[in-house]
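Taken together, the values in this text are just the output of simple stated rules run on the coordinates, not laboratory data. What you are looking at is a predicted structure, and each value in this text was computed from that prediction instead of being measured. All Cβ positions, glycine included, derive from the backbone under ideal geometry; neighbour counts span all protein chains shown.
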Amino acid sequence: MRTSLDLYRRLISIKIRSQMQYRGSFLLDLLAAALVSGVSFLSIALVLQTFEGIGGWSLWEVAFLYGSVELAFGVMDLLFGGFDPPYFGNHVRLGTFDQMLLKPANIYLQVFGSEFVLRRLGRVLQATIIFGLALGNLEIVWTSFKIAYLPVMLLSMVAFFGGLFITGAAITFWTVESIEAINIFTYGGTEMMSYPMHIFPNWLRSFFTYIIPGIFLNYYPALFFLDKPDPLGLPAFAPFLAPLVGGGFLVLGLAFWRFGLAHYQSTGN
């Protein structure tokens with residue numbers, strides 16, 4: 001275990017040093033990433049200010065949803081970047097994944113350490129600010145359980161999106177090129193989870209409840225944190241399913257990736 005962690009640390013260290021060669025360019029990239037995400041939330045805030053909320057949720061309540069999912073996705077994108085389907089698909093297509101398999105090192109750590117883009121910290125920073133402002137402007141009645149459950153909710157979303165990334169990467173073992181459908185559940189999922197789920201049509205809400213259960217990752221926990229009533233009438237334990245859903249999707253993603261790896265055939269490049 002210590003050897004594997006040391007390998008991962010070395011791989012990440014190499015990536016960081018290479019990106020810090022041109023610090024001015026790095027800082028501009030970091031700022032650009034933060035501004036793009038910030039402008040996205042600013043447009044949402046302007047609409048909510050005009051209509052005084054959406055679906056009975058105020059600006060800062062929506063900011064709680066937006067900030068939490070953006071923070072979790074940003075951290076996931078930083079850590080699981082090697083499994084990003086388009087990036088990993090290039091490895092498969094160009095044959096560089098075969099080179100990884102030939103190296104006497106853990107293949108998972110090699111993929112994890114193959115893509116670590118520091119500029120993505122801009123998205124994390126922007127999301128942290130928004131989430132912090134939301135917590136500061138909401139009158140949340142904090143209990144010891146709520147304080148303990150907040151990081152669990154965030155880590156569950158990291159695991160959930162990470163599992164989807166790994167699943168999308170595994171699909172490229174057969175398709176070679178990544179398929180755009182996976183973006184519906186990753187990037188599209190973050191967009192949907194940034195709003196109160198009850199405002200969406202029944203068919204779409206049902207899909208993200210029973211097929212891809214993103215509704216349990218931040219919407220239902222938000223109801224718990226904000227002491228808001230459940231408009232959908234799900235069981236009382238629904239807000240506490242986040243770790244089960246997030247951890248379950250990560251485990252399933254890893255299992256599917258192992259299955260794909262066992263049946264992998266080189267592209268011949």
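Spacing of the modelled spin labels on SER266 and ARG17, each 7 Å from Cα toward Cβ, amounts to 3.0 nm.
Computed about the Cα centre, the dipole magnitude for the chain is approximately 860 debye when only Lys and Arg (+1) and Asp and Glu (-1) carry charge, each at its Cβ. Listed from fewest to most Cβ neighbours within 10 Å, the set ILE182, ILE211, ILE140 follows the order ILE211, ILE140, ILE182. Relative to one another, the C-alpha centroids of region 83-112 and region 175-214 are positioned 27 Å apart. Neighbours of SER40 by Cβ distance under 13 Å: Lys/Arg scored +1, Asp/Glu scored -1, total -1. Springs between Cα atoms under 10 Å define the GNM used for the chain, and in it the highest mean-square fluctuation of THR143, THR167, THR96 occurs at THR143.
Relative contact order of the chain: 27 percent, from C-alpha pairs under 8 Å at least 6 residues apart in sequence.
Its Cα gyration tensor gives region 2-262 an equivalent ellipsoid, and the semi-axes of that ellipsoid, as √(5λ) in whole Å with the largest first, are 33, 22, 17. Here is the list for region 128-212: GluC sites (Glu not before Pro) lying in DSSP coil, each with at most 11 other C-beta atoms within 10 angstrom of its C-beta, are GLU139, GLU180. In terms of surrounding Cβ atoms within a 10 Å radius of their Cβ, HIS91, HIS198, HIS263 rank from fewest to most as HIS263, HIS198, HIS91.
The GNM of the chain, with springs linking C-alpha atoms under 10 angstrom apart, assigns the highest mean-square fluctuation among GLN110, GLN126, GLN99 to GLN99.
Screening the chain for DSSP H helices whose Cα atoms reach 27 Å or more along their own axis and whose mean Kyte hydropathy is at least 1.0 gives 23-51, 59-79, 144-175, 242-262.
If you add up the charges near TYR264, with Lys and Arg at +1 and Asp and Glu at -1, over every other residue whose beta carbon is less than 12 angstrom from its beta carbon, what do you get?
For residues surrounding TYR264, the net value is 0.
Tell me, in nm to one decimal, what length is gained between ILE184 and HIS198 on full extension, where the rule is 0.36 nm per residue of separation less the Cα-Cα distance? Write out the running numbers ahead of the final one.
On the way: separation 14, 0.36 × 14 = 5.04 nm, distance 1.89 nm.
Extra length from ILE184 to HIS198 when fully extended: 3.1 nm.
Considering only PRO243, PRO221, LEU138, the residue lying farthest towards the positive end of the dipole of the chain is PRO243, judged by Cα position with unit charges set on Cβ.
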